[in-house]
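Engineer: Sending over a structure as structure tokens; questions will come in a sec.
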Amino acid sequence: MTVQFDLEAEIQRLLTEHDRIAEQGITVHRRENVVVLGGEVESAERRDEICRQITGRFPEIEITCDIGITRAQAPSEVEEIS
Amino acid sequence: MIRIAAVGDVHVDKDVVGRYRPALEQLPDRADALLIAGDLTRHGTPDEAKCFATEFGGLAVPVVVVLGNHDHQSDQQQQVTEVLTDAGITVLECSSTVLEINGHRLGIAGAKGFGGGFAGACASNFGEREMKDFVGTTEDIADRLGESLRSVRCDALVALTHYAPVPETLAGEPLEIYPFLGCYQLGNAIDSAPTALALHGHAHHGSERGRTPGGVPVRNVAHPVIKQAYNVYQLLSETVDSQLVPA
Ligand SMILES: [Fe+2]
Ligand SMILES: [Fe+2]
């Protein structure tokens, strides 16, 4: 159990503190023997870099990368504040 | 009527330049100003700030920002601020600005803010030096944001922070990290002035809407929350209607 928590913490800190990643908004969930990464980033390059770094650092662990790229289209609606 | 476009957590670096631009080119047709709620960059380097200024600068509307925690990562927040200011972007840190829009004065007071948590589960200014420094920083920023808000003379007042002033807009984040996402002192500062709208970012997995204890509408405009280039909020709708009749 401790090992599992350590792994998730280690991945979380790598995601934030690794100079080429610096993401705080990635979720890390363990499902059986698979670690699922979720959340959204600003570019496909960032998503690919995350997967590359995590699989490189933890080669023995199966990683599923469900990270999306946040859409950046113009809005079509206005919200009235009152 | 005033229309404000807002987004936060755009985390710009070379790989993002160009992604927002098509939506930003349409912004002047949809809003009178653009407010950005911090985490403008990934690591807070002057080079990344230049990328941000390239992407979000040079618009036909004023751009007003606060920095986020990512913009402090390289300890170069002063240089980052200079790059942005040189590009014509207004950077607020416990300070305010007034924009003249459609004959109205839009006041914006902004600060990065800090963590500390919320009522019933907050840190105290007590114990180790490091803990007192942490909560002392929170209190100091919130006090100065409150002063900035109360000092502005305007028709509509907006508070702009990176950290959250209420827990409602954090819903979706793990409860355990709430103290790192915002603090109730920012909410009190916002309530100490006649604030019409409070905008923040930082909570990428949070929710869009909340209210301060005093009833001020709060919007989390973190990019992964709003899932588009920016949101648009309309203020002073009724005032404009009444003023359509010439005095
Ligand atoms: Fe962020
Ligand atoms: Fe942040």
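Engineer: Within the range B:57-73, track down each residue that is among the hydrophobic types (A, V, I, L, M, F, W, C) and more than 15 Å from the chain's Cα centre (by Cα).
Structural biologist: Hits for the range B:57-73 are B:LEU59, B:ALA60, B:VAL61.
Engineer: When the range A:34-57 is examined, which residues are found to be at the interface with another protein chain (Cβ under 9 Å from one of its Cβ atoms) and assigned to a helix (DSSP H, G or I)?
Structural biologist: A:ALA44, A:GLU45, A:ARG46 - these are the residues of the range A:34-57 that are at the interface with another protein chain (Cβ under 9 Å from one of its Cβ atoms) and assigned to a helix (DSSP H, G or I).
Engineer: Taking the stated definitions as given, is B:VAL64 farther than 23 Å from A:GLN24 by Cβ and either crowded, with 18+ Cβ neighbours inside 10 Å or charged (D, E, K, R) (or both)?
Structural biologist: Values: farther than 23 Å from A:GLN24 by Cβ: yes; either crowded, with 18+ Cβ neighbours inside 10 Å or charged (D, E, K, R) (or both): yes.
The answer is yes for B:VAL64.
Engineer: Here is a follow-up. Test B:ALA171 against the criterion of being under 28 Å from B:ALA23 (Cβ atoms), away from ligand 1 (no atom under 16 Å from the Cβ), crowded, with 17+ Cβ neighbours inside 10 Å and modelled with pLDDT of 95 or more, and give yes or no.
Structural biologist: Answer is no for this residue.
Engineer: Does A:PRO75 satisfy being over 24 Å from B:THR45 (Cβ atoms) and within 10 Å of chain B (Cβ to nearest Cβ)?
Structural biologist: It is true that A:PRO75 is over 24 Å from B:THR45 (Cβ atoms) and within 10 Å of chain B (Cβ to nearest Cβ).
Engineer: Still on this structure: I need a count of the residues in the range B:135-160 that are aliphatic (A, V, I, L, M), touching a Leu at 6+ places or on another chain (Cβ under 9 Å) and not in a strand (DSSP E or B).
Structural biologist: So the answer is 4.
Residues are listed down the side, and each one gets a yes or a no for (1) over 30 Å from B:GLY210 (Cβ atoms); (2) in contact with a strand residue (DSSP E or B) (Cβ under 6 Å, 6 or more places away or on another chain); (3) within 16 Å of ligand 1 (Cβ to nearest atom):
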{"position": "A:LEU15", "(1), (2), (3)": "no, no, yes"}
{"position": "A:SER43", "(1), (2), (3)": "no, no, yes"}
{"position": "A:CYS51", "(1), (2), (3)": "yes, yes, no"}
{"position": "A:ARG57", "(1), (2), (3)": "yes, no, no"}
{"position": "A:PRO75", "(1), (2), (3)": "no, yes, no"}
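Engineer: A:GLY25: at pLDDT 95 or above and surrounded by 15 or more Cβ atoms within 10 Å (Cβ to Cβ), yes or no?
Structural biologist: no
Engineer: I'd like to know if the range A:37-50 contains one or more residues that are of a type in the set (A, V, I, L, M, F, W, C), loosely packed, with under 15 Cβ neighbours inside 10 Å and at pLDDT below 95.
Structural biologist: no
Engineer: Follow-up. Which of (1) out of contact with any strand residue (DSSP E or B) (no Cβ under 7 Å at 6 or more places or on another chain); (2) more than 16 Å from ligand 2 (Cβ to nearest atom) does B:ARG3 not meet, given it meets every other one?
Structural biologist: For B:ARG3, the failing item is (1).
Engineer: Would you please name the residue that is surrounded by the fewest Cβ atoms within 10 Å (Cβ to Cβ), looking only at residues in the range B:195-214 that are closer than 23 Å to B:ARG105 by Cα and within 16 Å of ligand 1 (Cβ to nearest atom)?
Structural biologist: B:LEU199
Engineer: Which one of these is surrounded by 13 or more Cβ atoms within 10 Å (Cβ to Cβ), of a type in the set (Val, Ile, Thr) and at pLDDT 95 or above: A:ILE61, A:ILE81, A:ILE54?
Structural biologist: A:ILE81
Residue by residue, here is whether (1) in contact (Cβ under 8 Å) with a residue 40 or more places away in the chain; (2) more than 16 Å from ligand 1 (Cβ to nearest atom); (3) under 18 Å from B:ALA111 (Cβ atoms) holds:
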{"position": "B:ILE2", "(1), (2), (3)": "yes, yes, no"}
{"position": "B:LYS14", "(1), (2), (3)": "no, yes, no"}
{"position": "B:GLY18", "(1), (2), (3)": "no, yes, no"}
{"position": "B:ARG21", "(1), (2), (3)": "no, yes, no"}
{"position": "B:GLU25", "(1), (2), (3)": "no, yes, no"}
{"position": "B:ALA31", "(1), (2), (3)": "yes, yes, no"}
{"position": "B:ALA37", "(1), (2), (3)": "yes, no, yes"}
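Engineer: Could you list, in sequence order, all residues of the range B:147-166 that are surrounded by 23 or more Cβ atoms within 10 Å (Cβ to Cβ) and touching a helix residue (DSSP H, G or I) at 6+ places or on another chain (Cβ under 8 Å)?
Structural biologist: Passing the criteria: B:LEU149, B:LEU157, B:ALA159, B:THR161, B:TYR163, B:ALA164, B:PRO165, B:VAL166.
Engineer: Being within 16 Å of ligand 1 (Cβ to nearest atom) and within 15 Å of the chain's Cα centre (by Cα), is that true of even one residue in the range B:74-86? I'd like the intermediate steps shown before the answer.
Structural biologist: Here is the first cut: in the range B:74-86, the residues within 16 Å of ligand 1 (Cβ to nearest atom) are B:74, B:77, B:80.
Now drop any that are not within 15 Å of the chain's Cα centre (by Cα), which leaves none.
Checking the range B:74-86: not a single residue is within 16 Å of ligand 1 (Cβ to nearest atom) and within 15 Å of the chain's Cα centre (by Cα).
The values are calculated or read from the model by the stated rules, or taken from the named source; none is laboratory data. Model, not experiment: these values are computed from the prediction. For neighbour counting, all protein chains shown are included, and Cβ atoms are generated from backbone atoms with ideal geometry for every residue, glycine included.
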